[in-house]
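Comments concern the structure below.
The values are calculated or read from the model by the stated rules, or taken from the named source; none is laboratory data. Worth saying up front: this structure is predicted, and the values here are computed from it rather than measured. Here the Cβ positions follow ideal geometry from the backbone for every residue, glycine too, while neighbour counts run over all protein chains shown.
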Amino acid sequence: MYCADDTESVEKYSSAATLSDMEVFIFPELMFSLVLANIMSPLVWQWKKDPWFKDLGKKSPYRRLQRTKQFIMDCFSFNLDLDTWGLTNKKKELKRFSSFVDEDILTRSNALFGYEGDKYYFDLDIRRHFGLDKYTSDIIPYWKTETAEAMDAFKYKEGYPAGAGECVSLAALYTSLLFVIAEIPLSSMYMLATPLHSQNFIDINDGIITNNRRIVTKNMWFNGTEMSDKTRRALQNEKVTIVVNNTGYIHTMYKEATISPDSYRKLSKKLGQYLTTDINFEILANFLRHNSKIQKCFQIAHKCCGKPRFIESEKVFHYEHSSKLRIGDNTQEKLLHEIDEDEFYPSPIQGRILLDDIESFFKKGGVSLDSSCDIENLKAHLKSCCYNVEEVIADLKKFCRIEPDLPDARKHWVEKEPLIFDKLSNREEIIEYLESMRDKNSVADLAFSAYRDLEKSPWKPFLKAAIERNPVSIEGSKDLDKEGLAEKLWLMENESIYDSSRLAQPDEVWNYNRGDGIEKAICLINILKNRFPEDQISLKGDGKKVCVAIGRKEYAFQTTKGLGLPKKSDFDF
């Protein structure tokens with residue numbers, strides 16, 4: 001729980017206010033605290049009333065999930081722009097986290113501190129992949145995980161037609177919306193973080209993975225398309241560093257785990273089943289779609305005008321790009337029928353395997369990955385001078401089964417009281433329940449700091465985050481003097497992106513060009529304290545007006561938040 005005199009406690013709670021990717025990595029409780037902040041959000045409950053969700057309760061869980069997915073697709077873009085939340089440097093952040101984690105472990109586990117992922121996946125320099133190549137190797141971005149309000153507020157930022165967010169933000173948004181709107185139990189959802197990505201596994205039907213804005217069913221996972229290939233990369237090539245759900249977390253870096261062991265075993269089993277499929281003709285066709293290099297080794301037969309005709313498989317796969325029809329499923333004949341007759345040959349193409357013969361082989365039964373006999377039979381039918389059949393079979397097996405590299409279960413399991421919402425039906429009941437759990441569950445307590453409610457969370461961590469980790473407003477105002485800076489803040493919309501006693505951080509005020517008077521005042525303090533660290537800067541007010549005083553000069557802002565002001569000691573950090 002929070003302790004104002006404990007430096008490490010203040011650091012953790014201040015991280016709940018900024019929620020950068022590196023902070024979530026160091027303090028994994030924050031990932032679910034953000035989910036809880038979104039669940040408490042009146043904005044999320046307002047979305048629940050959208051006509052798009054009318055009669056949603058009458059639909060199956062999968063249909064409810066599909067509706068929620070489409071809402072996210074329509075209302076949010078994926079954003080990983082370096083300029084949104086600014087830059088920091090490795091030296092500063094390593095010093096900040098030195099008491100929490102060993103530097104060597106951190107650099108081996110986190111992309112921002114040196115991790116470059118699997119070389120197969122990251123054959124290009126990771127810094128260029130992230131757009132960091134124009135900076136020195138010491139520079140790293142503040143990729144901040146946005147709350148629902150901050151994601152929605154991107155619509156106020158130039159160049160963004162609607163909301164936006166990065167991968168952890170979208171994973172948290174999915175979890176909270178699926179609970180509030182689609183009414184899927186939190187116990188059915190798991191958040192999975194790798195060094196370079198964040199996604200969710202939803203235990204519905206055969207399993208569903210959320211990937212940024214999209215969802216991926218088991219059938220989609222194995223369809224061999226470019227979209228599914230991109231979705232597969234993280235679990236196929238990276239270690240899962242963190243798993244989080246409503247019972248707790250397990251982290252590859254820490255010896256203790258708070259997630260329920262039964263819940264973790266369930267995930268391991270269900271995720272393993274989702275990532276595995278036996279081989280049938282459709283799966284083989286999907287593998288060829290995925291592995292385009294060997295398409296040239298196959299041909300497809302088609303009866304045209306009563307006569308057999310033959311065509312290169314790569315040519316047919318190319319036709320798929322402009323069609324909803326696919327090789328390998330029940331739409332294959334229609335696809336072939338759409339291709340002009342002059343694309344076909346009257347005789348089999350020499351040196352190519354006829355996919356129709358392979359299809360006949362599969363009609364006798366599927367191929368189990370665990371049966372050496374089945375694999376040998378398939379190998380005999382796929383033997384060709386066009387490729388090394390041993391290598392192709394090995395690649396096919398990898399395509400059909402991914403062994404997720406989850407955190408080692410040999411942990412010290414710390415039993416925590418889980419957060420159970422099953423009997424809670426509305427936002428007010430959930431907030432009341434979370435308040436009752438604050439002294440029993442640190443995730444619930446941190447949620448109020450992530451929620452930015454300054455009536456129910458401490459000022460000191462919020463101010464520490466505001467003044468130490470908001471570089472965009474500092475950089476954006478560098479050409480303005482004090483008077484010009486105050487005038488720019490006065491001209492901004494006097495409207496917070498957060499309701500009631502909740503506050504935006506300075507860079508949210510700056511990015512979205514709006515804020516309540518107290519938010520603008522804190523934004524001003526952030527800039528002035530970083531410009532003039534030796535000067536005495538104070539904040540005072542009467543509930544309707546707040547004033548920033550520096551020397552003999554005061555800058556006043558109107559506020560409707562009704563908050564009491566922080567104490568002088570709240571600025572001591």
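Residues Ser477, Ser384: which one is buried (at least 17 other Cβ atoms within 10 Å of the Cβ) and either out of contact with any Cys (no Cβ under 8 Å at 6 or more places or on another chain) or not assigned by TED's automatic domain parsing to the domain that holds Asn246 (or both)?
Testing whether each residue is buried (at least 17 other Cβ atoms within 10 Å of the Cβ) and either out of contact with any Cys (no Cβ under 8 Å at 6 or more places or on another chain) or not assigned by TED's automatic domain parsing to the domain that holds Asn246 (or both) leaves just Ser477.
Rundown of residues vs (1) at pLDDT 95 or above; (2) part of a loop (DSSP other than H, G, I, E, B); (3) touching a helix residue (DSSP H, G or I) at 6+ places or on another chain (Cβ under 6 Å), yes/no style:
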{"site": "Ser322", "(1), (2), (3)": "no, yes, no"}
{"site": "Leu325", "(1), (2), (3)": "yes, yes, yes"}
{"site": "Gly328", "(1), (2), (3)": "yes, yes, yes"}
{"site": "Leu336", "(1), (2), (3)": "yes, no, no"}
{"site": "Ile349", "(1), (2), (3)": "yes, yes, no"}
{"site": "Asp356", "(1), (2), (3)": "yes, no, no"}
{"site": "Glu359", "(1), (2), (3)": "yes, no, yes"}
{"site": "Lys364", "(1), (2), (3)": "no, yes, no"}
{"site": "Glu376", "(1), (2), (3)": "yes, no, no"}
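The residue list Glu320, Glu338, Glu359 contains one member that is under 27 Å from Gln273 (Cα atoms) and out of contact with any strand residue (DSSP E or B) (no Cβ under 9 Å at 6 or more places or on another chain), which is Glu359. Taking (1) touching a Pro at 6+ places or on another chain (Cβ under 7 Å); (2) buried (at least 24 other Cβ atoms within 10 Å of the Cβ); (3) within 18 Å of Ser457 (Cα to Cα) in turn, Asp499 satisfies each apart from (2).
Of the candidates Arg96, Arg64, the single residue that is crowded, with 17+ Cβ neighbours inside 10 Å, modelled with pLDDT of 95 or more and of a type in the set (Lys, Arg) is Arg64. Listed by first and then second residue, the pairs linking a residue in region 247-270 that is exposed (fewer than 14 other Cβ atoms within 10 Å of the Cβ) to a residue that is polar (S, T, N, Q), with Cβ atoms under 9 Å apart and 6 or more places separating them unless they lie on different chains, are Asp262/Thr247.
Exactly one residue out of Ala16, Ala4 is modelled with pLDDT under 95 and either of a type outside the set (Asp, Glu) or buried (at least 24 other Cβ atoms within 10 Å of the Cβ) (or both): that is Ala4. Restricting attention to region 462-478, which residues are among the basic types (Lys, Arg) and without any contact (Cβ under 8 Å) to a residue 60 or more places away in the chain? Result: Lys478, single match. Farther than 30 Å from Lys379 by Cβ, of a type outside the set (S, T, N, Q), buried (at least 19 other Cβ atoms within 10 Å of the Cβ) and touching a residue at least 60 places away in the same chain (Cβ under 8 Å), is that true of Leu288? When the stated conditions are applied, Leu288 does not pass them. Just name the residue that is modelled with the highest pLDDT out of those in region 338-347 that are over 42 Å from the mean Cα position of the chain (by Cα) and among the charged types (D, E, K, R). Among them, the one singled out is Glu343. If we scan region 294-304, do we find a residue that is in contact with an Asp or Glu (Cβ under 7 Å, 6 or more places away or on another chain), touching a residue at least 40 places away in the same chain (Cβ under 8 Å), buried (at least 18 other Cβ atoms within 10 Å of the Cβ) and aromatic (Phe, Trp, Tyr)? No, region 294-304 has no match at all. Return the only residue of Leu124, Leu106 being farther than 25 Å from Ala172 by Cα and either modelled with pLDDT of 90 or more or in the same structural domain as Phe179 (by TED's automatic domain parsing) (or both). Within the list Leu124, Leu106, the selection yields Leu124. Residues in region 221-231 that are crowded, with 17+ Cβ neighbours inside 10 Å and either out of contact with any Leu (no Cβ under 9 Å at 6 or more places or on another chain) or of a type in the set (Phe, Trp, Tyr) (or both): Trp221, Phe222, Asn223, Ser228, Thr231.
Residues that are among the charged types (D, E, K, R) and either surrounded by 15 or more Cβ atoms within 10 Å (Cβ to Cβ) or in a helix (DSSP H, G or I) (or both) within region 158-170 comprise just one, Glu166. As a summary of the residue check, Phe421 satisfies the conditions (1) within 29 Å of Ile497 (Cα to Cα); (2) surrounded by 14 or more Cβ atoms within 10 Å (Cβ to Cβ); (3) at pLDDT 95 or above except for the one numbered (3). Checked against (1) closer than 23 Å to Asp229 by Cβ; (2) modelled with pLDDT of 75 or more, Glu116 passes all but condition (2).
Taking the criterion of being touching a Leu at 6+ places or on another chain (Cβ under 9 Å) and on the phi < 0 side of the Ramachandran plot, the residues of region 176-194 that qualify are Ser176, Leu178, Phe179, Ile181, Ala182, Ile184, Leu186, Ser188, Met189, Tyr190, Leu192, Thr194. Residue check: Lys90 meets all listed conditions (1) crowded, with 17+ Cβ neighbours inside 10 Å; (2) of a type in the set (D, E, K, R); (3) closer than 25 Å to Ser457 by Cβ but one, namely (3).
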